[in-house]
1. To the nearest 10 degrees, how steep is helix 160-169 against the longest Cα principal axis of the chain, on a 0 to 90 scale?
2. Could you put HIS190, HIS149 in order of accessible surface area, largest first, with the 1.4 Å probe and the full protein assembly present?
3. Determine the order of TRP143, TRP134 by accessible area, beginning with the largest, at a probe radius of 1.4 Å.
4. Can you sort VAL30, VAL12 by 1.4 Å-probe accessible area, starting with the largest?
5. Hey, rough spin-label estimate for ALA40 and TRP143, points 7 angstrom out along Cα→Cβ, what's it come to in nanometres?
6. Assuming R0 = 35 Å, what is the FRET efficiency of ALA136 and LEU279, from their Cβ-Cβ distance, to the nearest 0.05?
7. Given the protein chains as shown and a 1.4 Å probe, how many square angstrom of GLU269 are accessible, to the nearest 10?
8. Accessible area of region 132-285 with a 1.4 Å probe: how many percent of it is carbon plus sulfur?
Amino acid sequence: MSTATRPRIRIVRPFFADLIAPLRTEADVVVEAERARDSAELNTLLLDCDAAIVGLSDRIDAAVIAGNARIRLIANLGVGHNNLDLPALTRAGIAASNTPEVLNESVADYAFALLLAAARRLGEAERWLRAGQWQAPNRFDDWLGVEVHGATLGILGMGRIGQAIARRAAGFSMSVLYHNRSRLDTAREHACRARYVDKATLLRAADFLMLVLPYTEQNRHAIGASELALMKPGSVLVNIARGGIVDDAALAEALHARRIAAAALDVFEDEPAPHPRLLMLDNVVLSPHIASASTPTRRAMAQLALDNVRAVLGLAPGPPPSVLNPDVLDRAARKPQGPSDKSILDLSEGAESGTGPNSATS
Ligand code: 8YV
């Protein structure tokens, strides 16, 4: 492909250079440094490219794509995509993709790591030991935690990650209850050994409440003061889903008052600045949004983002594996071709990228 027709791809969150290398033979790839960017900066960065790979801290909305008649795909490095204004992208004719499936098992592993750490006070114990406070044998009744095996696990949000967590619960002889917008079919419920209940029953019955639901405006503060009040005294809350699903101030209060025994959080309302009260509490395990951070999983997520880019830009045959708004691609494929109206097919035919189906008016 001549330089004039080579697409330009901008990677706003840098990752594994060896995965990017093959793309450099067919496209100009610009990898940016890792840092927070505001809307104006993102707008400028995305103006001169045909596709961009972004991360969850990049909010891509109407302002970011304003005046951008060139970009065809925003590939999100994450399964959750609440950082993307999907309706705005769709209106502008820009495809968006995410990274589903490849992280299910890894995130489910991590969910259990958090659950166990919170139940058995691992963070607190480690901080204490490192601080040199282990100077005499522990009292026999020190460091008592919450029992995991045989307990009831309540899963709020029973998508593919929720189901992977439920399957693991069998290894701990836990009984599993779940609540979800729609009930699973019998075969899946059976595979997960999970029983469907309403949300209030879930909150009241769970010894461990695991949050795995996607963030939407409706799910904002799905767990707030009144939900925490329904939870069993001595229960444990785990959030691996999204900040904002839990009212962090209300949770800090419930933990402080020992309304519930403990919590473990990988996500926060204000990342990267967890609620200051949470930082002061010993009965909460905190981690910096790393549930999918194993080497194979992060590589698979990166590869999936690259596969979406290659397919949408016509550098690989077949449909992109995980586009969130496929209508945009259908519309682009159906559009009559004109010099200032290039569809995704153009690049596969070696045409120069320019104005396209993604202008704000299309
Ligand atoms: C992040 C996640 O992508 O996939 C998601 O939705 O929240 C995580 O896998 C990852 O932590 C990078 O921010």
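1. The helix 160-169 is inclined about 30 degrees to the chain.
2. Values: HIS190 145, HIS149 110 Å².
Solvent-accessible surface, decreasing: HIS190, HIS149.
3. On the way: TRP143 70, TRP134 145 Å².
From most exposed to least exposed: TRP134, TRP143.
4. The ranking, largest first, comes out as VAL30, VAL12.
5. In this crude spin-label approximation the distance works out to 5.3 nm.
6. On the way: r = 29 Å, r/R0 = 0.82.
Once the sixth-power term is evaluated, E becomes 0.75.
7. Spelled out: GLU269, probe radius 1.4 Å, area about 60 Å².
8. Values: 4040 of 7710 Å².
Within region 132-285, the accessible surface is 52 percent carbon and sulfur.
The values are calculated or read from the model by the stated rules, or taken from the named source; none is laboratory data. All values derive from a computational prediction rather than experimental measurement. Please note: Cβ atoms are built from the backbone with ideal geometry, for glycine as well, and neighbour counts cover all protein chains shown. Heavy atoms of the whole protein, side chains included, go into the accessibility calculation; ligands, DNA and RNA do not. Shrake-Rupley method; radii C 1.70, N 1.55, O 1.52, S 1.80 Å.
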